[in-house]
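Structure first, commentary second.
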Amino acid sequence: GENVEQHPSTLSVQEGDSAVIKCTYSDSASNYFPWYKQELGKRPQLIIDIRSNVGEKKDQRIAVTLNKTAKHFSLHITETQPEDSAVYFCAASPRGGAQKLVFGQGTRLTINP
Amino acid sequence: NAGVTQTPKFQVLKTGQSMTLQCAQDMNHNSMYWYRQDPGMGLRLIYYSASEGTTDKGEVPNGYNVSRLNKREFSLRLESAAPSQTSVYFCASSEDLNVGVHQPQHFGDGTRLSIL
């Protein structure tokens, strides 16, 4: 089955700098890759997703890149702000009828003012 | 719209007790999911229901049962709770448009369950 590895587990950056979180997946048939943000004690919330027919997607300060050959995808946050502090999870969904997600272990991002 | 609603929000059980976690969504989604979240391990799928009347095992189904009561509701039951089941449980739902075309999953607020 699918296995998703996420790095780093913790990341601390200065406000205004960029943050990059990387994930690798094992199942070459996976075709959907969402990213979720989870604030302390809250529900995971989708911030951006990408499908396997696209190499990059941007939404304001957030971008995701996908390298299908290497089986890895990354989240890029530019001009970081204190409210970006949270735990971020990547996930991969294997191709098939059921929309199952396999999640990475999470990255705790801290933005230092 | 409330989205995905989970009850209860908190629960403490003794080993061996049983309980049912409730989940309801008002977005007319076909698919529903139960995850558990443990520190350092992300979210792991327990069971899912691709449509009303069907359920399937996820990564960690042992010790759990589920019921897809109708399109809106998907419950998770612990028959004999064990300390290893102490976790935060999240329910999620997603809309099916076409087979194989994944749609975002929307999560509830979670149930924090402690088993002593």
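We did not get these values from a lab; they are worked out from the coordinates using the rules stated. Since the model is a prediction, treat every value here as computed from it, not as a measurement. So basically every Cβ, Gly included, is an ideal-geometry build from the backbone, and we count neighbours across all protein chains shown.
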Subject >> Two-site label geometry, A:LYS68 and A:ASP17: point separation in nm, points 7 Å out along Cα→Cβ >> reply: 3.5 nm
Original post:
With chain A treated as a Gaussian network of Cα nodes joined by springs under 10 Å, which of A:GLN99, A:GLN14, A:GLN60 yields the largest mean-square fluctuation?
Top reply: A:GLN60
Original post:
Hey, if you drop one equal point scatterer on each alpha-carbon of chain B and run the Debye formula without solvent, what base-10 log of I(q)/I(0) do you get at q = 0.14, 0.24 Å⁻¹?
Top reply: -0.52, -1.47
Subject >> At 1.306 mPa s and 10 °C, Stokes diffusion of the range B:27-82 via Kirkwood alpha-carbon radius, µm² per second >> reply: 134 µm²/s
Original post:
Mean separation of Cα pairs under 8 Å and 6+ residues apart, divided by the residue count of chain A: what relative contact order is that in percent?
Top reply: 37 percent
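Enter the mean number of other protein chain beta carbons within 10 Å of the beta carbon of each residue in B:105-114, as an integer.
Values: counts 10, 4, 7, 1, 3, 5, 0, 1, 0, 0.
For peptide B:105-114, the averaged partner shielding equals 3.
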Original post:
Given springs between every Cα pair under 10 Å in a Gaussian network model of chain B, which of B:ALA24, B:ALA92, B:ALA81 has the largest fluctuation?
Top reply: B:ALA81
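Out of all DSSP beta bridges in chain A, what portion is antiparallel? Express it as a percent rounded to 5.
Working: 36 of 41 bridges.
Percent antiparallel among DSSP bridges in chain A is about 90.
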Original post:
Which of A:HIS7, A:ILE21, B:PHE90 sits farthest toward the positive end of the charge dipole of the protein assembly as shown, with +1 on the Cβ of Lys and Arg and -1 on the Cβ of Asp and Glu?
Top reply: B:PHE90
Original post:
What is the antiparallel percent of DSSP beta bridges lying wholly in the protein assembly as shown, to the nearest 5?
Top reply: 90 percent
**OP:** Kindly rank A:65-75, A:30-40 from highest to lowest mean number of other beta carbons found within 10 Å of each residue.
**Re:** A:30-40, A:65-75
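What translational diffusion coefficient, to the nearest whole µm²/s, does chain A have by Stokes-Einstein, given a Kirkwood radius computed over alpha-carbon pairs, a temperature of 37 °C and 0.692 mPa s viscosity? Please list the in-between numbers first.
On the way: Rh = 14.1 Å.
After rounding, the answer is 233 µm²/s.
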Original post:
Dividing the alpha-carbon Rg of the protein assembly as shown by 2.2 N^0.38 Å yields what?
Top reply: 1.01
Original post:
Given the pairs A:LYS22/A:LYS57; A:LYS42/A:LYS100; A:LYS37/B:LYS14; A:LYS37/A:LYS100; A:LYS37/A:LYS57, which are separated by over 23 angstrom at their Cα positions?
Top reply: A:LYS37/B:LYS14
**OP:** Taking 7 Å along the Cα-to-C-beta vector as the label spot, tell me the B:SER114-B:GLN22 distance in nanometres, rounded to one decimal.
**Re:** 2.4 nm
**OP:** Assign unit charges at the C-beta atoms only (+1 for Lys and Arg, -1 for Asp and Glu), then state the dipole size of the protein assembly as shown relative to its Cα centre in Debye, rounded to the nearest 20.
**Re:** 400 debye
Original post:
Quick one: Karplus J couplings for the range A:71-87, per residue in order, coefficients 6.51, -1.76, 1.60, θ = phi - 60°, nearest Hz, x for Gly and Pro?
Top reply: 6, 9, 9, 9, 10, 10, 10, 9, 6, 4, 10, x, 6, 7, 5, 4, 9
